[in-house]
Amino acid sequence: MGRIIFCPHCSSTFNEDILKQRENEDICPVCGKMLDSGAGIPQDDSPTEEELEHPDLYFYSVDSEDSYEDAKLRDVWCNCISCTEINRIPYDSFEHIGKQYLRLKEGLGLTCKGCGRQFTKLVVPKRPDGWRNLDRWATAYENKPKCPTCGSADIKKISATSKAASAAMWGLLSRKVHKQWHCKNCGSEW
C-alpha cells in the first residue's frame, strides 16, 4: 500500500496507488490540477487523538486559490482556544492542509495576538460547529452593568459585611447601606 497523497488545491487525500494506475501521475484525480512534488503525506503522520482533542488553535477558513493564486498571499484563519481571538496565519506556515486538520511546520514560534499565548502544538483541527459562540460572548459583555459616573465595567458588588461595618461605624448616616455596586475605576457607589 502506497503513501497518502494530499492535493493542496481541493484538499483531497487519496492513496498513491490510484495515481500509479492513471496515465498522468502528476494530476489530482479529483480536481484535475497539477500536484506539487511534495504532495505526499506519510501515513504515520496522521494526528493522534490527544493532538486533536487538546489543540492550541482551531481553524475555520483557508483562503482558496481562487482568491489568491500566489500561496504567499493566502492565509489560514484560526481561533485561539484560550481567548477566542482570530489569528491570521500565513498559508506557507503549514506542512499539511486538509479538510479536518492542519499541521504547522516545526519551529515557527507563533503567538496569539489576543492573549500572547505561544502556540506549541503543531496540529490545528477544524473548529467544531457552535464552538464558543462568539455572539454569546458579545451579549454577555453588553449585559454587564457599568458605572453610571465613568462608564467603566470594572465594578464589584458591595458585600453585606461591608454594609454592616459601615452601619456600625456611622449608624443612620451610613451611605453604603442602600448601595449595591462600587466602581474600582472612579470609586463611586450606587
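Looking at C83, C115, C78, just one residue is buried (at least 19 other Cβ atoms within 10 Å of the Cβ) and either at pLDDT 80 or above or not in a loop (DSSP other than H, G, I, E, B) (or both), and that residue is C78. Of all residues in the stretch 88-101, those being buried (at least 19 other Cβ atoms within 10 Å of the Cβ) and modelled with pLDDT of 90 or more number 1.
I'd like the full set of residues that are touching a residue at least 24 places away in the same chain (Cβ under 8 Å) and in contact with a strand residue (DSSP E or B) (Cβ under 6 Å, 6 or more places away or on another chain), limited to the stretch 159-188.
Filtering the stretch 159-188 down to residues touching a residue at least 24 places away in the same chain (Cβ under 8 Å) leaves 181-186, 188.
Hits for the stretch 159-188 are W181, H182, C183.
Of all residues in the stretch 86-103, those satisfying the criterion of being closer than 16 Å to L122 by Cα and in a strand (DSSP E or B) are N87, R88, I89, P90, F94, E95, H96, I97, Y101, L102, R103.
Take the residues in the stretch 57-75 that are aliphatic (A, V, I, L, M) and part of a helix (DSSP H, G or I), then tell me which one is most open to solvent (accessible area, probe 1.4 Å).
First pass over the stretch 57-75, keeping only residues aliphatic (A, V, I, L, M): 57, 62, 71, 73.
Within this subset, residues satisfying the condition of being part of a helix (DSSP H, G or I) are 71, 73.
Working: A71: 38, L73: 102 Å².
Checked the stretch 57-75; the qualifying residue most open to solvent (accessible area, probe 1.4 Å) is L73.
Determine which member of the set G109, G130 is out of contact with any Ser or Thr (no Cβ under 7 Å at 6 or more places or on another chain), modelled with pLDDT of 85 or more and assigned to a loop (DSSP other than H, G, I, E, B). Every option except G109 fails the conditions.
Across the stretch 154-178, the number of residues qualifying as under 14 Å from W190 (Cβ atoms) and not in a helix (DSSP H, G or I) comes to 5.
The values are calculated or read from the model by the stated rules, or taken from the named source; none is laboratory data. Since we're looking at a predicted model, the values are computed, not measured. Glycine also receives a Cβ, built like all others from the backbone with ideal geometry; neighbour counts cover every protein chain displayed. Protein only, heavy atoms only, side chains kept; ligands, DNA and RNA dropped before computing areas. Shrake-Rupley method; radii C 1.70, N 1.55, O 1.52, S 1.80 Å.
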